[in-house]
Amino acid sequence: MAKSSPYLTRRTVLGALAAAAVPHAAKGQEGRDPASQEPTDVRIRIAFNGLTQTASLYDNPTARDLASMLPLDLKIEDYGKNEKIVHLPRKLTEEASGPFANERPGDLCYFKPWGNLALFYADYRWDGLIRLGRFEDGFDPLLVRGEYPVRIERI
């Protein structure tokens, strides 16, 4: 009869511990919608041209990825007739993103194809977006046309 080695015993114990931990980790994520449109207590300030916008971020991986990059000093510019955009230094995660409804002015979104932030001040509809949050105090500063340095920071 072959004698079992201590190495195999340690491997067996570690495997059993890992298997026991996986259901616990999965249970911690249970019930969370990766494309959540639920606001969190994470707020950001977007300041440009002496004007300030405050937004509450939603509980989704893309919004959390944005928050992890802050603070940022970039450029904000007009794009079309309904939004301003900010080119981010890298793409954000698109993990578990999905379509959303009820698009409206005051949404803070992420353009998946280009990796930009989109700050909407008029009606819009586009399938390639992830909604990151909503502006809390209206969107009047976005109506000022032009290109400006912008500071985005967590508050």
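The values are calculated or read from the model by the stated rules, or taken from the named source; none is laboratory data. Predicted model only: the values in this text are computed from it and were never measured. All Cβ positions, even for glycine, are placed from backbone atoms using ideal geometry, and neighbour counts span all protein chains on display. Keep in mind that these areas ignore ligands, DNA and RNA; they rest on the heavy atoms of the full protein, side chains included. Shrake-Rupley method; radii C 1.70, N 1.55, O 1.52, S 1.80 Å.
Semi-axes of segment 80-135's equivalent ellipsoid from the Cα gyration tensor, sqrt of 5 times each eigenvalue, largest first, rounded to whole Å?
Those come to 17, 14, 9 Å.
So which trypsin sites (Lys or Arg not before Pro) in segment 101-150 pass both tests, a DSSP loop state and at most 16 other Cβ atoms within 10 Å of the Cβ?
When the trypsin sites (Lys or Arg not before Pro) of segment 101-150 are filtered for loop state and at most 16 Cβ neighbours within 10 Å, ARG125, ARG145 remain.
Per-residue accessible area for LEU129 at 1.4 Å probe radius, Å² rounded to 10?
0
At 1.4 Å probe size, with no ligands or nucleic acids counted, give the accessible surface of LYS91 in Å², nearest ten.
Approximately 110 Å² of LYS91 is accessible to the 1.4 Å probe.
Can you put LYS81, LYS112 in order of accessible area, largest first, using a 1.4 Å probe?
LYS81, LYS112
Quick one: which residues, 5 or more positions from GLU83 or on another chain, have an amide H under 5 Å from its amide H? H modelled 1.01 Å from N in the peptide plane, none for Pro or chain starts.
Hits under the 5 Å cutoff: TYR121.
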